[in-house]
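These notes are about the structure you will find just below.
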Amino acid sequence: DTAVSQTPKYLVTQMGNDKSIKCEQNLGHDTMYWYKQDSKKFLKIMFSYNNKELIINETVPNRFSPKSPDKAHLNLHINSLELGDSAVYFCASSPGLAGKGGELFFGEGSRLTVL
Amino acid sequence: GEDVEQSLFLSVREGDSSVINCTYTDSSSTYLYWYKQEPGAGLQLLTYIFSNMDMKQDQRLTVLLNKKDKHLSLRIADTQTGDSAIYFCAESNGQTGANNLFFGTGTRLTVIP
């Protein structure tokens with residue numbers, strides 16, 4: 001049973017398109033996240049939701065819109081894709097506040113390539 | 001913002017010890033973490049240390065924290081080929097409501113058989 005699952009695992013698309021990445025966790029965690037990992041492996045938080053409420057919204061273009069229909073799901077929709085959006089996007093969840101010693105559980109990542 | 005720095009690459013021979021270093025700038029860091037990322041996978045928590053500790057040992061892993069110098073290290077004893085991965089240092093300041101970890105750039109550990 002996969003704890004944090006993301007789909008799709010790979011996504012290749014043209015510039016200007018709109019795409020979504022879905023994430024689901026079956027761990028019963030209250031908090032979910034989206035991280036972006038660029039080609040140099042630098043990992044940066046984009047968004048965090050706690051019980052469906054947005055609690056972290058880093059400086060991310062507003063072409064990126066997260067949606068949390070319930071606390072087990074956090075989807076990421078990206079409009080008007082640009083070349084610089086090419087990256088691996090990781091979904092993660094934590095049982096409490098990850099910043100207070102809690103563990104982040106990561107999905108396997110979704111590799112987005114924009115042509 | 002917080003900066004977390006690591007060297008990018010480390011190579012060691014199988015059976016030797018590996019030491020991965022990390023420096024950070026946030027003087028109010030409360031928790032410091034080591035995560036491991038294997039190829040094609042997400043990150044997995046290896047261990048973490050609270051800022052009032054200076055050492056933590058867990059089997060082959062030893063974490064050392066020098067809070068004065070804002071320096072964290074991860075020592076892996078008897079390194080095995082299965083330890084080849086990218087290791088990320090991360091820190092948080094544990095403020096109420098804070099839910100963010102700041103990750104370093106990752107150190108790619110290569111273990112030579």
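The values are calculated or read from the model by the stated rules, or taken from the named source; none is laboratory data. Since this is a predicted model, take the numbers as computed values, not measurements. Heads up, the Cβs are rebuilt from the backbone with ideal geometry, glycines too, and the neighbour counts pull from every protein chain shown. The protein model used for the area step is the full one, side chains on, heavy atoms only, and it has no ligands, DNA or RNA in it. Shrake-Rupley method; radii C 1.70, N 1.55, O 1.52, S 1.80 Å.
Worth pointing out:
- Taking amide H as placed 1.01 Å from N in the peptide plane, the amide H of B:THR105 sits under 5 Å from that of B:GLN6, each at least 5 places away or on another chain.
- Globularity index of chain A, i.e. its alpha-carbon radius of gyration over 2.2 N^0.38 Å: 1.00
- Mean separation of Cα contacts under 8 Å (6+ apart) over length of chain B, as relative contact order %: 38
- For the residues of A:102-115, the average number of beta carbons from a partner chain within 10 Å of their own beta carbon is 3.
- Charging the Cβ of each Asp and Glu at -1 and of each Lys and Arg at +1, and nothing else, the dipole of the protein assembly as shown about its Cα centre rounds to 180 debye.
- Residue by residue along A:38-46, Cβ atoms of other protein chains within 10 Å of the local Cβ number 4 on average.
- Projecting the alpha carbon convex hull of region A:59-115 along each direction and taking the average yields 4.9 nm².
- Near the amide H of B:ASP3, within less than 5 Å, lie the amide hydrogens of B:THR25, B:ASP26, all on another chain or at least 5 residues away, with H placed in the peptide plane.
- Region B:57-62 - phi-based ³J(HN,Hα) in whole Hz, Karplus 6.51/-1.76/1.60, Gly and Pro as x: 10, 8, 6, 7, 9, 10
- Taking θ as phi - 60° and the Karplus parameters 6.51, -1.76 and 1.60, the scalar couplings of region A:103-115 work out to 8, 8, 9, 9, x, 7, x, 10, 8, 9, 10, 10, 9 Hz in sequence order, x denoting glycine and proline.
- When only the Cβ of Lys, Arg, Asp and Glu is charged (+1, +1, -1, -1), the dipole of region A:37-96 relative to its Cα centre reaches about 100 debye.
- Order by protection proxy (mean Cβ within 10 Å, highest first), peptides B:71-84, A:54-67: B:71-84, A:54-67
- Candidate lysines - alpha carbon under 25 Å from A:LYS36, same-chain residues fewer than 8 apart omitted: A:LYS9, A:LYS19, A:LYS22, A:LYS44, A:LYS52, A:LYS67, A:LYS71, A:LYS100, B:LYS36
- Protection proxy ranking of A:72-81, B:50-59, A:103-112, A:36-45 - average other beta-carbon atoms within 10 Å, highest first: A:103-112, A:72-81, A:36-45, B:50-59
- Per the accessible-area calculation with a 1.4 Å probe, the total area buried between chain A and chain B rounds to 1900 Å².
- Per-residue shielding of B:34-45, expressed as the average number of other chain Cβ atoms within 10 Å of the residue Cβ, stands at 5.
- Accessible surface of the protein assembly as shown [probe 1.4 Å, protein heavy atoms]: carbon and sulfur percent: 48
- J(HN,Hα) series, region B:3-17, from Karplus relation 6.51 cos²θ - 1.76 cosθ + 1.60, nearest Hz, glycine and proline x: 10, 10, 10, 9, 6, 7, 9, 8, 10, 9, 8, 3, x, 7, 8
- Computed about the Cα centre, the dipole magnitude for chain B is approximately 120 debye when only Lys and Arg (+1) and Asp and Glu (-1) carry charge, each at its Cβ.
- Alpha-carbon gyration tensor eigenvalues x 5, square-rooted, for region B:42-113, Å: 24, 15, 11
- Per residue convex hull volume, Cα atoms of the protein assembly as shown, in Å³: 123
- Annotation: amide H-H contacts under 5 Å for A:ASN17 (H modelled 1.01 Å from N, sequence separation of 5 or more, or interchain): A:LEU81.
- Think of a 1.4 Å ball rolled over the protein heavy atoms: chain A then has 49 Å² of accessible area per residue.
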